[in-house]
Every structure is written in C-alpha cells, then in structure tokens.
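**Student:** The structure that follows is given in the form of structure tokens.
The values are calculated or read from the model by the stated rules, or taken from the named source; none is laboratory data. Keep in mind that what you see is a predicted model, and the values were worked out from it rather than measured. For neighbour counting, all protein chains shown are included, and Cβ atoms are generated from backbone atoms with ideal geometry for every residue, glycine included.
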Amino acid sequence: MLLLTSLTLGCGLQVVGAGDPDGGTGMPLDPDASASADAPINEPTDAPSPPPECACALTPPAGFTVVALAGDRSAGCGDGLVAIDLVTDPVAAAAACTCGSCAVTATPSCNTGSFSNFYDEGGGACGSVSANVRPANTGCNTDDGFFVSHARAGVPPPSGPTACTAPVTPHANEVTSKPIRVCAPKPGADDCVCKAAAPYRKCLRAPGDVSCPASAPNKKLAGTRVTAVCGTCPCTATATCTGTVTFYSDNGCMNVIATINEKECKTTPDGANFSSLRWNGTAAVACNVAKAPTAAALTEPTTICCP
C-alpha cells in the first residue's frame, strides 16, 4: 500500500507542474506571457545580408556594376552568375579595307579654248609652231590659209572638273582582338560576383565608352565583336586631250581637204588653200586609286575599370 501511494503522489505533481494556473512553476500555456521586452521572439536577431558588392571592397558609382574579369574564357563563373564573353584590343591588318575599281565621275571638256598647228616644209618632224591660234570648238570656223608639206595638230588643255571614285570594302576577318570573360549576376539573382575565383579580378563595368572612377582607374574598352572601319578610297584623276582638225576648201565645212591629229606629223597637200576648219576634241581620264585609311572598332562597346 505504501508503494501505491507514492506512485499516485508522483503523478499528481506532474499534472500540477504542467498546467495548473494556481500553483505550478512549469512552462506557461501562452508563450507571449513570459516573453522578454528586451528580446522579442517575433523580431530577427541577425542583421540583413549585405548587397553582393559589399564583399568585394569595391563600391560601384552610379551607372557601374561590379563584375569579375578574366582573360581566360575556360574558367567558369559559378552558380548564380552568368558568363559574358567579350573582345578587346582590336587591331586592323593592312587588308582590313580594300578599294575597288575606279569610276570616273567628272570629265572635263577638250572643246574649249584654242590650239595651234605644228608644221614643217619637208623634214617630216613638224617642229615649227604656227603663229595662227585657232578656236578649239566643234563648230565650223572660217579661216583662210594654206598647207605646207607636213602638219600636226596641237591640243587645248582640259577645261572643267576632273574626278573619280572607288568603292571600299571592309573585312572584319582581318581584324584581330583578345578574348575576355566577365562574370555578372543573372537578372533577378542576388549572388555575389566576388565569389568567382582566380583568374578573375574584381572590376567595374558600364555601358558605352566612359571614364573610369578613381577607385578603379585602369580602363579597358571591350565589345561584343570587332569590325573594320574604312575611310574613303583616295582617287586621283588626270585628264588629257586628244583631237582632230579637219580642213575644208569652202567656208561652210563641206569639202574636206585634209584631217590632222595631235599624235603624228602627217603629209598634207603642199600649197593647197583652205577656207574653214572644224576641231573635235576628246578627253581621256586616267584614275589612280590609293589605299583607304583603315582602323578597327568594337561593336556594342562597354567600359571595364579595374583597381
């Protein structure tokens, strides 16, 4: 009987200590009843996590973001980061810009001004210059004179503008560059770029070609790809005149006696008279193309600044 009484008493104590509002000292049914005012259990005890940039000891100015930079594209960026492959330091080879065939865009006239004839009286060299200056136009010009044994036509200088042009073709495959890789947080992610291990460096990045801040003064301009930038192909046009003079026995340019040109000393009817003449000139334009100015550029440029 004594053993039974002890067991009954022990059970009774356990019941009172667990939930008797009048005399127990155990855990209260309402947790808020015993919460301390100095440390409320509904408030966090840890400080909020810093932004990813804070761990890098590199604070980005406005317009910049923190990235991890490496020249070795074989390195991975890690979870939560995206690899952005870029190129930098473009160099254009001599063949990056080539010029096509020249096309004449302006031809001068050889049917203005005046000309003189050359002649001789038997040698066939036409070494003497006539004192008569004649109009170099395609109209019928009255002019009384006579022939000696040989004659050659002089030519007027070209009159008017002379110009030419040539197309230029860029060749991006003739531009070399260096590959680089940057690691950046994925859109909407909160991963720290500073967890990217060697060979990565912690740097700043901004779109476009901008100046670097004092905290990261070492600038590198990068882009998505390279292109050749070509200037205008320089063309030099040179014009010369050729022509013929036809002499007529009448003053209406109807009955031909002789025709001479500027290239050869021709035999003419010695002593024959002429009463009119007509000049007909033609301009020949030669075009010389030089090499176009060549440079290299980055498309979609972005500035990377490192400490």
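**Student:** Out of 68, 75, I need the residue that is at pLDDT below 90, of a type outside the set (D, E, K, R), assigned to a loop (DSSP other than H, G, I, E, B) and surrounded by 14 or more Cβ atoms within 10 Å (Cβ to Cβ). Which one?
**Tutor:** Every option except 75 fails the conditions.
**Student:** Here's something else I'd like to know. Restricting attention to the range 78-113, report how many residues are of a type in the set (D, E, K, R) and exposed (fewer than 14 other Cβ atoms within 10 Å of the Cβ).
**Tutor:** Going through the range 78-113 one residue at a time, the tally reaches 2.
**Student:** Given the conditions (1) in a strand (DSSP E or B); (2) closer than 30 Å to residue 94 by Cβ, and given that residue 244 satisfies all but one, which numbered condition is not satisfied?
**Tutor:** In the conditions (1) in a strand (DSSP E or B); (2) closer than 30 Å to residue 94 by Cβ, residue 244 misses (2) alone.
**Student:** Check whether at least one residue in the range 250-266 is part of a strand (DSSP E or B) and among the basic types (Lys, Arg), and report yes or no.
**Tutor:** Yes, some residue in the range 250-266 is part of a strand (DSSP E or B) and among the basic types (Lys, Arg).
**Student:** If we only count strands (runs of 3 or more DSSP E) wholly inside the range 105-219, which ones have 1 or more residues that are farther than 29 Å from residue 270 by Cα?
**Tutor:** In the range 105-219, the matching strands (runs of 3 or more DSSP E) lie at 163-165, 168-170, 175-185, 201-207.
**Student:** Something else about it: Give the residues of the range 262-274 that are under 17 Å from residue 148 (Cβ atoms) and surrounded by 14 or more Cβ atoms within 10 Å (Cβ to Cβ), sorted by residue number.
**Tutor:** Of everything in the range 262-274, those that are under 17 Å from residue 148 (Cβ atoms) and surrounded by 14 or more Cβ atoms within 10 Å (Cβ to Cβ) turn out to be 265, 266, 268, 269, 272, 274.
**Student:** Now a separate question. Cβ contacts < 8 Å: first residue more than 20 Å from residue 125 (Cβ to Cβ), restricted to the range 254-268; second residue among the aromatic types (Phe, Trp, Tyr), any location; separation 6+ or different chain. Result?
**Tutor:** 254/248; 255/248; 256/247; 256/248; 257/147; 257/247; 257/248; 257/274
**Student:** If residue 226 satisfies all but one of (1) touching a strand residue (DSSP E or B) at 6+ places or on another chain (Cβ under 9 Å); (2) outside any strand (DSSP E or B), what's the number of the condition it fails?
**Tutor:** It is condition (2) that residue 226 fails.
**Student:** Within the group 229, 256, 210, 285, which residue is surrounded by 14 or more Cβ atoms within 10 Å (Cβ to Cβ), among the β-branched types (Val, Ile, Thr) and within 29 Å of residue 157 (Cα to Cα)?
**Tutor:** Just one listed residue meets the conditions, 285.
**Student:** With among the polar types (S, T, N, Q), out of contact with any Ser or Thr (no Cβ under 6 Å at 6 or more places or on another chain) and in contact (Cβ under 8 Å) with a residue 60 or more places away in the chain as the only criterion, which of 128, 149, 114, 109 stands out?
**Tutor:** After ruling out the rest, the residue left standing is 149.
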